[in-house]
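Just below is one structure, and these are the notes that go with it.
None of the figures in this text is laboratory data; all of them are computed from the coordinates on show. Predicted model, so just to flag it, every value in this text is computed and none were measured. Here Cβ is always computed from backbone atoms with ideal geometry, including for glycine, and neighbour counts include all displayed protein chains.
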């Protein structure tokens, strides 16, 4: 394998020719985990803080700090909005988590989410030109139970320092209360990427997929497997975009959601699920088999597979079925299995398969657009606007069964997405800075280009060290041995 080249072609070359598709898929997961561990240990994390103002002599400390900076403090005291012009607030995001549901690994203790939150900050900078900081907090009570009110209080106290907050990896039902309370009570956008981010990007992929198979959103029957923060928000955004809730059925670990689910109705913490109980599944379908039979779309965001979605379910679906198997790190069914069962289009959350439904296509552009117009919130309409923007971008490139959504290496998608989100913020009345779409594209592209050039310069000049090639080879060796 070529050193440092993690393209799909080279990633596949680490495995012997006799490996099956399933062995290769499992091996890639092992390899990426092993490599991630070694790289994080080598760099001691992914992020650092550097200034963006120059130092033109030692006396410039008197300008950047005391006594000169006193003028900045008093100006912001007189007008808090001046913080957007005089500090980095307007391009600064706090990535907040209690680490209770980190990827597919569950509760990882408060510091356990730092690697993921640093990863979000890394992606925000490179893809969106946005500065961010990881903030993993301890909200456990004396018994070790996470308290959502502590997250709410923390964010409200930290709000003056940030232009937006990205919530991440907070277990349900706490995540619902935290997001909805903060959206209502904060004066800056609060975004829950596991919910709104996944919902936005999944909707974008669905719009592209429906275009490929020649179906309309309002006509299709959709079955959802999993009823956590991600899938419930996916369903809500699909409905907001024009999907028909009467043609939808959602399943959690106890069965289908419907008006008969008294357990959901009686637990006020699950009010988002109860909303879907009232609006979906009017026929009171109970089993996966009867719900999936004749369905057009299957959206699974449940628990890691494979083997959770039998091929027979897909064979019973309508013509040209669309399957989203988005559990991480292993999808509920491997794409090749779904295709063998008749799926016309398959999407997963992984980058080593076509049609990756990855939140990284959403949050950098969405947050950038919200920040550039100094939005006070990110509405559901703004998330839908981002989804339509992504789908339109892919449409211009040329949709196909293996290309229903843009990929992260298409840099031009993010300024366009930021602009569409910003314009929707203006339309929704949550923008405090009204600028043209062209100006948003220009400013977003400038910041993204600068961020990417900075990455390149730091690597070129050795401020970001090149890792030893043997780290990749060690990870590859372990991956091959693990599945051989």
(request) May I ask you to derive the relative contact order of the stretch 80-188, considering only C-alpha pairs under 8 Å and at least 6 residues apart, and to give it as an integer percent? (result) 33 percent
(request) Taking the chain as the reference, fit the longest principal axis to its C-alpha atoms, fit the long axis of helix 380-397 to the helix C-alpha atoms, and give the angle between the two in degrees, 0 to 90, nearest 10. (result) 80 degrees
(message) Using a 7 Å offset from Cα along Cα-Cβ at residue 457, what residues in the stretch 53-69 end up with backbone N under 19 Å from the label point?
(response) 53-57
(message) Can you classify the stretch 80-188 as rounded, prolate or oblate using the Cα gyration tensor, where a ≥ b ≥ c are the square roots of its eigenvalues, rounded means a/c under 1.5, and otherwise it's prolate if a/b beats b/c and oblate if not?
(response) oblate
(message) If you fit an axis through the alpha-carbon atoms of helix 229-240 and take the longest principal axis of the Cα set of the chain, what angle between them do you get, 0 to 90°, nearest 10?
(response) 80 degrees
(request) Treat the count of other C-beta atoms within 10 Å as a stand-in for reagent exposure and order 437, 261 from fewest to most. (result) 437, 261
(message) Cut-off is 10 Å between beta-carbons; in what order do 19, 224, 4 appear when sorted fewest neighbours first?
(response) 4, 19, 224
(request) Please tell me the relative contact order of the stretch 373-484 in percent, rounded to the nearest whole number, where contacts are Cα pairs under 8 Å and at least six residues apart. (result) 28 percent
(request) May I ask for the angle, rounded to the nearest 10°, between helix 198-213 and the longest principal axis of the chain, with both axes built from Cα atoms and the value confined to 0 to 90°? (result) 50 degrees
(request) Provide the percentage of antiparallel DSSP beta bridges, counting only those with both residues in the stretch 80-188; round to the nearest 5. (result) 10 percent
(request) Could you check the simple spin-label distance between residue 6 and residue 269, using points 7 Å along Cα→Cβ, in nm with one decimal? (result) 3.5 nm
(request) Calculate how many DSSP beta bridges within the chain are antiparallel, expressed in % of all such bridges and rounded to the nearest 5. (result) 10 percent
(message) I'd like the FRET efficiency for residue 434 and residue 63, computed as 1/(1 + (r/R0)^6) with the beta carbon distance as r and R0 of 41 Å, rounded to 0.05.
(response) 0.80
(request) Mind running the shape call on the stretch 148-266? Use the C-alpha gyration tensor, a ≥ b ≥ c as the square roots of the eigenvalues: rounded below 1.5 for a/c, prolate if a/b tops b/c, oblate otherwise. (result) oblate
(message) Only counting other Cβ atoms within 10 Å, I'd like 192, 18, 288 sorted with the fewest neighbours first.
(response) 18, 288, 192
(message) Given axes a ≥ b ≥ c from the Cα gyration tensor, I'd like to know whether the stretch 194-435 is rounded (a/c under 1.5), prolate (a/b larger than b/c) or oblate.
(response) oblate
(request) Mind ranking 81-90, 198-207, 171-180, 43-52 by how tightly packed they are, going by the mean number of other C-beta atoms within 10 angstrom, highest first? (result) 198-207, 171-180, 81-90, 43-52
(request) State, as an integer percentage, the relative contact order of the chain based on alpha-carbon contacts under 8 Å between residues 6 or more apart. (result) 17 percent
(request) Could you calculate the contour length gain from residue 71 to residue 336, that is, 0.36 nm times the residue separation minus the distance between their Cα atoms, to one decimal place in nm? (result) 89.1 nm
(request) Would you mind pulling out the separation of the Cα centroids of the stretch 220-265 and the stretch 445-484, in Å? (result) 40 Å
(message) Please compute the length gained on full extension between residue 253 and residue 482, using 0.36 nm multiplied by the number of residues separating them and subtracting their Cα-Cα distance.
(response) 79.4 nm
(request) Just order 229-235, 444-450 by mean Cβ neighbour count inside 10 Å, highest at the front, would you? (result) 229-235, 444-450
